[in-house]
Amino acid sequence: MSGNRTLATLAVICIASVILSSANLYLIVSIIRSQEAQLTQLQTEVDQAKDRINEVESALSNMTDRLGNINQSSTDISRLEGTIESLLNQTPAHVYQSVYRSVVVIRTPLGQGSGFFYNQTTLILTNWHVVESETDIEVEFYDGTRQRASVVGTDA
């Protein structure tokens, strides 16, 4: 009987050991699943943080571009202020010397008017009423030379 008792005790210990191992395994699996859920949540939060970082970097890049534009505008304004100051300090004689070669007389059968060269090209700008419905147009340049002309565009 003592042998049966030992076997019974050993069987109980084995069963208890299996039960405890199963319980331990269950707890380990539960912890792993919980940690997997936490890792999934953490990965989602990391992805969201990366998206927010990209948005902030994009906004920062746009702000940097805008700041560059503002700085360029500030430089342009300073340059423009210098140009205006220079122009305001010019005498009428200096202004005349700077532009008289670009001014022309425009003659038509109905009268005459003035115009000026546009953007250092062969285009001359004048008022619409000077050349309206005219095909016989003559331009006189600062040196007295004359040349036939035609209307190539309007903004009327």
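Values as computed for the structure displayed
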read-out: Cβ-defined net charge surrounding L110, 12 Å radius [Lys, Arg +1; Asp, Glu -1]; value: -2
read-out: Cα-centre dipole for region 47-156 with unit charges at Cβ (Lys and Arg positive, Asp and Glu negative), debye to 20; value: 320 debye
read-out: Along the chain, longest interval not containing exposed chymotrypsin sites (Phe, Trp or Tyr not before Pro), exposed being DSSP loop plus at most 15 other Cβ atoms within 10 Å; value: 1-117
read-out: Using θ = phi - 60° and Karplus 6.51 cos²θ - 1.76 cosθ + 1.60, couplings along region 5-22 (whole Hz; Gly, Pro as x); value: 5, 5, 5, 5, 5, 5, 5, 5, 5, 5, 5, 4, 5, 5, 4, 5, 5, 4
read-out: Charge sum, other residues only, whose C-beta stays under 9 Å from V139's C-beta, Lys/Arg counted +1 and Asp/Glu -1; value: +1
read-out: Cut-off under 5 Å, modelled amide H: who pairs with I137 long-range; value: A149
read-out: Hz values of 3J(HN,Hα) by residue in region 142-149 - Karplus curve (6.51, -1.76, 1.60), Gly and Pro given as x; value: 4, 8, x, 6, 10, 8, 5, 9
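FYI, it's all coordinate maths here, none of it is from the lab. Treat the numbers as computed from the prediction; the structure is a model and nothing was measured. As a convention, Cβ positions derive from the backbone with ideal geometry for all residues, glycine included, and neighbour counts pool all protein chains shown.
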